[in-house]
Amino acid sequence: MNGATFRPESELVPWIPLREELMRARDRARIARARSERRPMWVFALLAGPGILVMLGENDGPSMLSYAATGASFGVSFFIPFIVLTFLLAYIVQEMVVRIGIATRRGHAELIVERFGLSWGRFAMADLAIGNLLTLVTEFIAIRAGTAYFGIPPAIAVLGSAALVALAMCTRRYVTWERIVMALAAGNLLFIPAALLAHPDGAAIARTLATWGPLPGGISMAFFTLVLANIGATVTPWMLFFQQSAVVDKGLTHADLTQARVDTGLGAAIAAVVAIGTVIATATLFTHHIDVRTFANGADFATALKPFIGSTGAALFALGMIEAGLVAAMTISTSSAYGVSEVLRARRSLNAGLSSARTFYATGLLSVAVAGAVVLLPHAPLLSISITVNVIATLLMAPALLFVLLLASDGEIMGKLKNSARANAVAGTIVAAIAIVGAVYALTIVVPFFTGGSAG
């Protein structure tokens, strides 16, 4: 750490404008009124958002394509309980992020600068900006793939989606933006009826969950890549930046911690069910020996599924891909806007006016524009790009998690909300496990390359 004294937010950020504070105060007044009227469900409804959005936002385009490739390659087996495990890990990580945000009232990038210095803050910002841009590209790949199933031209699909992301961001009201994205995120549930239309074997799924089912074909490079892709589908760097900054922008306090934990846990549970539903839906391709290695994008999955789950099921799958990409584009672009603005000490809030937070809005909108333009390039291997981005996210996750662990253990800034010894042991194990998996994967690529062998 840089040894800096942890100062009150009013001293650190003297430029907080009246509009942002006024909008946040109005939201807090509604919550206080609901508490005084003893309406716990209404209190939760007002506080819910960051946790559900971060989890359903992570059920994004590349994630759903990874789950689809998993079901088509391995069927209903090892990966269903593995997905449950990865979302449990995601909850553990994001619960720490919630506590950090509530305890410090700082965004993630801002706090890294405060505790570790500007150089580390710039490193975190660059890592976030590059990783988010790559991921945003895959979100528009998912949107393009889903709309292609319905015959919508790529240019119309991408430009229309980019415009919708921009309109939501420019509402100049955090609550309005959050509710728009929450409404769209409900579309993630479309993968569940698609799975039911595949007429899955309930007994086989129950056995898999109870016994951690077998792995058809054994351990291979394809298996290891999908393991990494599935980890990258649930725990990624942008989630840390988004949820911590959203907690601050929403104005959550110590009194809201229980609801914030429930919000995050509910989001993880819903996202896990949807992910498993996607694996179940595409497992029918495994059963019928359909080779997905020749697939170019998500539209190929929907088309291939049509003979087995019907036109309704295929259409639901395609619509789900569109929703996954759109919601993630909204949350990830906002994550970039928060992170970059925090390090540059610029105004950053969805409650801020466009002219007073130019860096914030310009970062989010420019990232969307660049990603959309890349996706419109012809002949790109869209499915391979999507899975590869999840693998890259996994490889970048260990250093990002280390920052979270150090911050959550810092008693000076966390006070009573700091990690317990048990929480540190669990979180440390998660960081080590992800680092080891990433290192082993890197060796499987590097060693064959230098020895003239094959990684496949």
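Overview of values
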quantity	calculated
Partner lysines for residue 250 [C-alpha distance under 28 Å; skip if fewer than 8 residues away on the same chain]	416, 418
C-alpha center-to-center spacing [the stretch 194-233, the stretch 15-85] in angstrom	25
Cross-link reach list, lysines versus residue 306, counting only Cα pairs under 26 Å and skipping chain neighbours closer than eight places	none
Taking the C-alpha atoms of the chain, convex hull volume expressed per residue in Å³	148
Gain upon complete extension [residue 152, residue 85; 0.36 nm per residue less C-alpha separation]	20.4 nm
Least to most buried among 330, 64 (fewest other Cβ within 10 Å first)	330, 64
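No lab work stands behind these numbers, since they all come straight from the coordinates. Treat the numbers as computed from the prediction; the structure is a model and nothing was measured. In this analysis, Cβ positions are derived from the backbone assuming ideal geometry, glycine residues included, and neighbour counts consider all displayed protein chains.
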